[in-house]
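**Q** The structure that follows is given in the form of structure tokens.
The values are calculated or read from the model by the stated rules, or taken from the named source; none is laboratory data. A quick note: this is a predicted structure, and the numbers were derived from the prediction, not measured. Please note: Cβ atoms are built from the backbone with ideal geometry, for glycine as well, and neighbour counts cover all protein chains shown.
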């Protein structure tokens, strides 16, 4: 069955955890089809809505799987996580490393359905 709202096949979506399992404005690491994925729960102060983002957990700059432990914030319009080791900023929507674009990580589609966080893998 094709999920028209996201343009991917439904069977590619993997349940990760309940949204309430992630403290707002922080991340957790999940193993999704054998890959470490950093999953972030962001409370949008303007809309009052919870949003989820998912990027690869491996920071290529420090060569460590630590992005889920980084500090979440914003730079201009971008919601980012600062890697806990070298403090490089990764855009949660795109995975782009702002200081070193060649060190960007994969971004995954993420959604919340009935309180459950789903990641497209």
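**Q** Look through 90, 40, 108 and report the one residue that is touching a residue at least 60 places away in the same chain (Cβ under 8 Å) and surrounded by 18 or more Cβ atoms within 10 Å (Cβ to Cβ).
**A** Going through 90, 40, 108 in turn, the sole match is 108.
**Q** If you check 73, 27, 7, which single one turns out to be under 19 Å from residue 107 (Cβ atoms) and at pLDDT below 95?
**A** After applying the criteria, what remains is 7.
**Q** List every residue pair whose Cβ atoms lie under 7 Å apart, where the two residues are 6 or more positions apart in sequence or sit on different chains, the first residue falls within the range 61-85 and is on the phi > 0 side of the Ramachandran plot, and the second residue, located anywhere, is in a strand (DSSP E or B) and modelled with pLDDT under 95.
**A** none
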